[in-house]
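Bear in mind that the values in this text are calculations on the coordinates, not laboratory data. On a predicted model such as this, the values are computed, not experimentally measured, just so you know. Quick reminder, even Gly has a Cβ in these numbers, built from the backbone with ideal geometry, and neighbours come from all protein chains shown.
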Amino acid sequence: MSLLALGINHKTAPVNVRERVSFNPDNLNQALQDLAARPNVTEAAILSTCNRTELYCGLVVPDDRIIIDWMQQFHALKTEELMPYVYSHPDQMAVRHMLRVASGLDSMVLGEPQILGQMKQAFSVANEAGTVGKLLGRLFQHTFSVAKQVRTDTQIGASPVSVAFAAVNLARQIFSNLQSHTALLIGAGETIELAARHLHENGIGRMIIANRTLARAQQLANEFHAYAVGLTDMPHHLAEADIVISSTASTLPILGKGAVESAIKARKHRPMLMVDIAVPRDIEPEVDELEDVYLYTVDNMQEIIDEGLRSRQEAAKQAEEIIDTQVTHFMGWLRSLNAVSTIRNVRERAEHMAQAELEKARLLLANGGDAEAVLQQLTRNLTNKLLHNPSARLKQAGYDGRMDIVDAARELFNLKDADL
């Protein structure tokens, strides 16, 4: 029984290649069953995201050629269109790779948490398709457990490494509990969407999204239970906001010192965090002169992000140590499977011998035999039968000078040196 992790990702392949080998939900079930039906393949799971497509397989014998050929055929690719970008990790390397992926150590953004949810979804789909067995089932559960340990025992996900995350992290530092506060997001692009997501996940009390195109603001607001307004109405809501995050494509500032000063007065000088992510800036620099306003620009954010990245890189070293240990644990479990059939045979033989001697004892007792004598004969006969073959083999091993067998027997039966 062998393991294999094979695929491409953002490090090995450009987006035009990643697009061609991705699996969509409509064909994923069919793909899993087709892959698992291939010769030598016993189990299969597929992880397909915008940054990676990976196949996790249980194999009868180690051979990645079958998996590569299937991938080419399924996506109608030529060898030269796929092979330069593929990586293949067998057995222990496969385990290590899956643990690193689930822990965010192989992601484009170091330590990002979304990949763990995507791996759980991949396992769920494969499980429903019936292509997960004992091997991958145990590996996925171990992977989820290790990823959780990495999140708990290290700071891999604590420090901000994106502008949106950094902005929300600042808000948490200033206001602590966000549940009683209001955020005003200006714009509706990718950064604002990420900021909205982070705020929503951190339990922001109320969120207002202002955008030049009201329909786009409404679309984003619906996703996060927010309130949408047009950009022209935004100044009327400024005083409500404890947190302002702005990222538009405007060539001129859309918030001046006067508007913010009026809002601060209406707020009775309650503090306001303003994060201007736009270039050119959305908020006039003079706003920073106002008391009770904490204004951060994209340059300030970059300093925070650089520090966060350094912190995550340090946490990643700790995570790698955890993974080293957990790879060893899983491989130990995998190797133990090789002994299962032997253990089963030993137990079955011992049970057969015990039943045979028990029947003899019952017959003797039924014929009036002395119970004490019958029990002693039962234990004597059973002991002799159980130990006859091992004793004969050990004696022969000593005669042949095979002390490795003798030493193995001493370890197997937990015999101490004092027993010599």
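Nearest 10 degrees is fine. How inclined is helix 371-399 to the longest principal axis of the chain, computing both from alpha carbons?
80 degrees
With unit charges on the beta carbons (Lys and Arg positive, Asp and Glu negative) and the dipole taken about the Cα centre of the chain, which residue among 199, 224, 115 sits farthest to the positive side?
Going by the charge dipole, the pick is 115.
Run the reach check for residue 120 against aspartates and glutamates, Cα to Cα strictly under 20 Å, same-chain hits fewer than 8 apart removed. What comes back?
26, 43, 54, 106, 112, 128, 201
For the chain, what is the percent of antiparallel DSSP beta bridges, rounded to the nearest 5?
Of those bridges, close to 45 percent are antiparallel.
Compute the distance from the alpha-carbon center of region 315-394 to that of region 173-209, in whole Å.
62 Å
Under a point-charge model restricted to the Cβ atoms of Lys and Arg (+1) and Asp and Glu (-1), what is the dipole moment magnitude of region 342-419 relative to its Cα centre, in debye to the nearest 20?
Charge dipole of region 342-419: 200 debye, to the nearest 20.
Above 28 angstrom, tally the Cα pairs of the chain and express them as a % of all pairs, no decimals.
Every Cα pair in the chain considered, those over 28 Å come to 65 percent.
Can you tell me the dipole magnitude for the chain around its Cα centre, using point charges on the Cβ only (Lys, Arg +1; Asp, Glu -1), in Debye to the nearest 20?
1340 debye
Rounded if a/c is under 1.5, else prolate if a/b beats b/c, else oblate: with a ≥ b ≥ c from the C-alpha gyration tensor eigenvalues square-rooted, which is region 205-245?
It is oblate, given that a/c is not under 1.5 and a/b is not larger than b/c.
When a/c is below 1.5 the answer is rounded, else prolate if a/b is larger than b/c, else oblate, so apply that to region 130-239 with a ≥ b ≥ c taken from the square roots of the Cα gyration tensor eigenvalues.
Prolate.
Based on Cα coordinates alone, diagonalise the gyration tensor for region 2-153, multiply each eigenvalue by 5, take square roots, and list the semi-axes in whole Å, largest first.
So the three semi-axes of region 2-153 are 22, 18, 14 Å.
Output the 0 to 90 degree angle, nearest 10, between the alpha-carbon long axis of helix 163-175 and the longest principal axis computed from the alpha carbons of the chain.
Rounded to the nearest ten degrees, it is 80.
Does anyone have the angle between helix 340-366 and the longest principal axis of the chain? Alpha-carbon axes, 0 to 90°, nearest 10?
So the inclination is approximately 40 degrees.
For region 237-282, give the magnitude of the charge dipole about the Cα centre (Cβ charges: +1 Lys/Arg, -1 Asp/Glu; no others), in debye to the nearest 20.
That gives region 237-282 a dipole magnitude of about 200 debye.
Just going by the charge dipole of region 2-153, with Lys and Arg at +1 and Asp and Glu at -1 on Cβ, which of 13, 45, 140 is farthest out on the positive end?
140
If a/c stays under 1.5 just call it rounded; otherwise compare a/b with b/c (prolate if a/b is bigger, oblate if not). Do that for region 309-420, with a ≥ b ≥ c from the square roots of the Cα gyration tensor eigenvalues.
In terms of gyration-tensor shape, prolate.
Students often forget the sequence filter, so: which lysines lie under 24 Å Cα-Cα from residue 257 once same-chain residues fewer than 8 apart are removed?
Within reach: 265, 268.
Between 76, 32, 279, whose Cα lies farthest towards the positive end of the dipole of the chain when Lys and Arg beta carbons carry +1 and Asp and Glu beta carbons carry -1, centred on the Cα centre?
32
For region 23-121, which trypsin sites (Lys or Arg not before Pro) are both in a DSSP coil and crowded by at most 11 other Cβ atoms within 10 Å?
Filter output for region 23-121: 78.
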